[in-house]
Each structure stands twice: as structure tokens, then as C-alpha cells.
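Note sheet for the following structure.
The values are calculated or read from the model by the stated rules, or taken from the named source; none is laboratory data. Predicted model only: the values in this text are computed from it and were never measured. Counting neighbours? That spans all protein chains shown, and the Cβs are built from the backbone with ideal geometry, glycine included. In case anyone asks, the SASA skips ligands and DNA or RNA and just uses the protein heavy atoms, side chains included. Shrake-Rupley method; radii C 1.70, N 1.55, O 1.52, S 1.80 Å.
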Amino acid sequence: HYPLRRQRQMCIRDRFHSDNIQKGQIIGPIKLDEHSHTLIRINGWTRRPVITEKDKQQRLNDIKEKEISVAAMDIYVDRIRNLMRGKKIDFNKETLIKLVEAVAPVYFKAQEKSKTKMQKKFWQMGDDSQINLDDVADQVDEIINQTLFVIDGQSWTVAQFEQELKVHPLVFRNPKMSKRQFGEQFRLAIADMIRDRYITADAYEQGYDREKKLKQRYAVWADNLKAEYMRQQILKEAGSENAFDLAAVQNIL
């Protein structure tokens, strides 16, 4: 979905890069995803002229950063396109349908239970808004050794798919999907997961894991996750799980 997102960004940018836009004008429809479009009405705009040298330098830096980001995304999309060229995922329709029928009700039940904190990630332990495999264990066990899909001549069983989810939770392109759309979005999320697996393998092959800046970024996130884990353990042992409660902060943390 990166090419689609990039195409959407370019479409919106090109529509705004015009001297003929008028107040009250309608721009669009602009495609957001496979099933959604949007319209934009121009209510007005605010001009912020740069005056000081500091303002001018900041404006130049902001533009430079944005242009680099756009160019980097173009390179990234091309890299993915070349990496995935010729690859095709063949799903076992019967197994896919059974898996969808097993997880869909639990997904939407969790979504309704915690709409305010619903995240795009899926099947990740420790979050009430996401599915716990124990909830569908009986149904999944029936197809655990069946082939879910085949890619590059390699068959993936439901068991292998389940193991992959432990390191890469599914991320839906459209988390606000309807029940009718769940099957398609589930299939697309699996495709994105497999794509990310190829991207990761390519990154290791290119030696990115040995880059100094990435090692530093890795260390920062590792420290963050360890700190969050330790905080949860301390609060749990003290009989409290609300890290934002003032009493917990003062008396426990």
C-alpha cells in the first residue's frame, strides 16, 4: 500500500500547488484506499511571511527536510517494487476462509469493547483491543497444519503463520473496516506482512543492521521497551496498573 499512499500524497500536493485555487473550492474526489474517497473544501488559508534571517533559514530547512522525505519515499517505493517483482501469494481459499471465520468475531468484539484505544496492530498479546490466540485456539487447531498460502514455492501452514505473528503483528490498511471487508483486509494484511519479511531480509543482506545510526536507534527503543516492561512489573507487584495515577507515581514509581 506504500505506492497507493505515495500516489495519494502526490495527488493532494499537485492539487494544492496551483495559483487557481479559490476559497470555497472543492478538491477531489481523492482516493484514500481501495474503498474510500474524500473531498476537500478550501475554507481559506493563512500566510506566514518570513521576516527575520532566522525565520528564512528555518523555512529553507523545513522545505529541504520535506523534499528529502518525499525523494526518500520515492526511492523506497521503487526498492520495494523491484524487490517484490514477480512474487505472487497463492492463498488456500478453504483454509483462509476458516481462519477468517475464526478470528473475525473476536476482532470486532475487541474493537467494540475498546474503541477509544483501538490500534491498527492485531494479534499482539497484552492489549485488550487485540486478539488473544487463546480465544480462537479450538478453531485454529483444526487447521493448524493446513497450508494457508504459498509464495516462491514455499508453503506456509497456519502454524508457521502463527509463529511469524509473534514477531510481526498484522497491521490492517483500513482498521475501520466493516465486517464485510474483513476477509479482504485480512488477506492484504498477510500480504503486507510477507512483504515486510522480504524487506527485512534485504536490509540484513545490505548490512543495515551494522550501521552506527541504526544501532543507536535500536538501543534507544530497546531501553524504552525495557523501561516500560519494568514499570509494568513494578506497578503489578504493587497492585496497581495505572502508570498515570498521581498516587502511583508518588508512592510507587
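Its residue count N fixes a reference of 2.2 N^0.38 Å for the stretch 160-243, and the Cα radius of gyration divided by that reference is 1.50. Per residue, the convex hull spanned by the Cα atoms of the stretch 32-73 amounts to 79 cubic angstrom. Computing the accessible area with a 1.4 Å probe over protein heavy atoms, can you report the carbon and sulfur percentage for the stretch 179-236? Taking all protein chains in place, the stretch 179-236 shows 52 percent carbon and sulfur surface.
Which order do the peptides 195-202, 142-149 take when ranked by the mean count of other beta-carbon atoms within 10 Å per residue, highest first?
So the peptides 195-202, 142-149, ranked by packing, come out 142-149, 195-202.
Most tightly packed first, judged by the mean number of other beta-carbon atoms within 10 Å of their residues, the peptides 157-167, 43-53 read 157-167, 43-53. Near Phe91, once Lys and Arg are set to +1 and Asp and Glu to -1 for all other residues with Cβ below 13 Å from its Cβ, the sum equals +1.
Pairs over the 32 Å Cα-Cα cut-off, from the set Lys23/Lys64; Lys64/Lys87; Lys87/Lys179; Lys66/Lys176: Lys64/Lys87.
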